[in-house]
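Step one of this worksheet: look at the structure below.
Here, each number is a calculation from the coordinates, and none is a lab measurement. Model, not experiment: these values are computed from the prediction. Because the Cβ atoms are built from the backbone with ideal geometry, glycine has one as well, and the counts that use them run over all protein chains shown.
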Amino acid sequence: MPDNTSPAAEDYLKALWHLAAGRGVSDGVVSTTALAERLDVSAASATNMLKRLDGMGLVGYVPYRGGSLTDAGRKVALEVIRHHRLLETYLSEALGVPW
């Protein structure tokens with residue numbers, strides 16, 4: 001993962017991946033409103049983060065439409081998801097924490 005991605009940026013990338021996959025979005029563009037609702041933030045905050053991620057080359061931002069993951073963004077999102085799943089498995093199997 002790039003060193004300059006914050007936990008908040010990783011949350012946005014993960015949410016974009018889930019929303020695009022779950023809705024079967026053909027062009028991969030997730031609306032700013034859907035992203036804001038998923039993360040429980042304002043639409044303005046979601047727009048600002050999409051612009052920031054676009055500048056980092058992780059998201060393709062389209063004004064008034066939303067954003068889609070680039071190949072680099074998809075890679076980071078999947079790495080975050082992988083790490084979360086590994087931690088969940090460890091907590092469940094090794095420590096007995098219920099799902």
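For A20, are the conditions met, namely being crowded, with 18+ Cβ neighbours inside 10 Å and either within 23 Å of N4 (Cα to Cα) or free of Cβ contacts under 8 Å to residues at least 12 places away in the same chain (or both)?
On the way: crowded, with 18+ Cβ neighbours inside 10 Å: yes; either within 23 Å of N4 (Cα to Cα) or free of Cβ contacts under 8 Å to residues at least 12 places away in the same chain (or both): no.
No: the conditions fail for A20.
Name every residue in the range 68-99 that is in contact with a Ser or Thr (Cβ under 9 Å, 6 or more places away or on another chain) and either more than 15 Å from T5 (Cα to Cα) or of a type in the set (D, E, K, R) (or both), in order of residue number.
Correct list: P98, W99.
Where the second residue is surrounded by 14 or more Cβ atoms within 10 Å (Cβ to Cβ) and not in a helix (DSSP H, G or I) and the first is among the hydroxyl-bearing types (S, T, Y) and lies in the range 32-47, which pairs have Cβ atoms under 6 Å and are six or more apart or on separate chains?
That search, which allows pairs on different chains as well, returns T32/G66.
Starting from residues that are in a helix (DSSP H, G or I) and out of contact with any helix residue (DSSP H, G or I) (no Cβ under 8 Å at 6 or more places or on another chain), keep the ones in the range 24-67 and report whichever is nearest to R85 (Cα to Cα). Working first, answer last.
Filtering the range 24-67 down to residues in a helix (DSSP H, G or I) leaves 32-39, 43-55.
From what is left, the residues that are out of contact with any helix residue (DSSP H, G or I) (no Cβ under 8 Å at 6 or more places or on another chain) are 37, 44, 48, 51, 54-55.
Details: E37: 23, A44: 30, N48: 28, K51: 28, D54: 26, G55: 28 Å.
Looking at the filtered set, the residue picked out is E37.
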